[in-house]
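Working notes, structure below.
Quick note: the coordinates plus some simple rules give every number you see, no bench work behind them. This is a predicted model, so every value here is computed, not measured. Cβ placement follows ideal geometry from the backbone for every residue including glycine, while neighbour counts extend to all protein chains displayed.
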Amino acid sequence: DGICPKPLITFVLGGPGSGKGTQCAKIVETFGFKHLSAGDLLRREMVSDSEYGSMIMNTIREGKIVPSGVTVKLILREMKSSDNHKFLIDGFPRSQENRIAFEQIIGAEPDMVLFFDCPEEEMVKRVLSRNQGRIDDNIDTIKNRLKVFESLNLPVIDYYAKKGKLYRINAVGTVDEIFEHVRPVFEACEHEAR
Ligand code: AP5
């Protein structure tokens, strides 16, 4: 009862406000991937009647990380119900524990990992100027999200760099300028698949 055909998995990492969601929309448009945002899946589950709803809400409000088993289950559910086999998994893995849970439960490793590298001041500025009423877009929660990013997410980024799977993208500039750094990575990947 796995995912068929063999999935092509790309993880998209970067701090809060580094532009993961924005660039994923462009990758989907240009290269036809299925976009799975861990944050969006959790927010959707939070407002559903699910048993995890209030736990997820409290965790997100504090800028902490939801337990790995819950997040991986939500990702797996989406992967299985998709008829696309090219996945962009955005905002995941958030920690080494997330990464190990994914490998154990899904039984696969990513084919590549993008890291949107953006200075902290720029990330804070973008998140504060976003006007969507997210419960975690206030200065205290952002500071905590940045701390969590540094302590838990950077080790995952180092791990994939050592494995030779990491593509570091300069995430400063306009959305279109940044996409010009992203495009060749996917063009090379399509070329290889041919
Ligand atoms: P999540 O939803 O993943 O949020 P995040 O990682 O904090 O990232 P954001 O969505 O804030 O930013 P983004 O990098 O996607 O940037 P965007 O394109 O939106 O996670 C939220 C929470 O969920 C976590 O704190 C955690 O509690 C929980 N969670 C998530 N994943 C989890 C996991 N795996 N395990 C457990 N818990 C998990 O851009 C930001 C803004 O900047 C936008 O307004 C955009 O328009 C603007 N912008 C984008 N690019 C540019 C540019 N080049 N120039 C100017 N403005 C730009």
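A few remarks follow.
- Computed about its Cα centre, the charge dipole of the chain is approximately 180 debye, with only Lys, Arg, Asp and Glu carrying charge at their Cβ.
- Dipole of the chain, positive end: most advanced residue of 174, 46, 186 [Cβ charges, Cα centre]: 46
- From phi via Karplus (6.51, -1.76, 1.60), per-residue ³J(HN,Hα) for region 128-144 in Hz, x at Gly/Pro: 5, 8, 6, 10, 10, x, 6, 5, 9, 9, 10, 4, 5, 5, 4, 4, 5
- Spread of Cα-to-Cα distances over 5 Å intervals beginning at zero, given as percent, for region 1-106: 2, 12, 23, 24, 22, 13, 4, 0
- Candidates 104, 23, 96, ranked by Gaussian network fluctuation over the chain, Cα under 10 Å, top entry: 104
- The Cα-based radius of gyration of region 101-194, divided by its Kirkwood radius, gives an Rg/Rh of 1.02.
- Gyration tensor (alpha-carbon) shape descriptor, region 143-187, a/c threshold 1.5: oblate
- With contacts taken as Cα pairs under 8 Å and at least 6 residues apart, region 8-193 reaches a relative contact order of 33 percent.
- Debye equation applied to the C-alpha atoms of the chain, log10 I(q)/I(0) at 0.15, 0.19 Å⁻¹: -0.93, -1.55
- A convex hull fitted around the alpha carbon atoms of region 54-133 yields 141 Å³ per residue.
- If R0 equals 25 Å, the separation of the Cβ atoms of residue 51 and residue 96 corresponds to a calculated FRET efficiency of about 0.45.
- A Cβ-based charge dipole, computed about the Cα centre of region 1-56 with Lys and Arg at +1 and Asp and Glu at -1, lands at about 320 debye.
- Calculated [222 nm] ellipticity per residue, helices only, for the chain: -16000 deg cm²/dmol; basis is -39500 (n - 2.57) per DSSP H run with n ≥ 4, divided by all residues, nearest 500.
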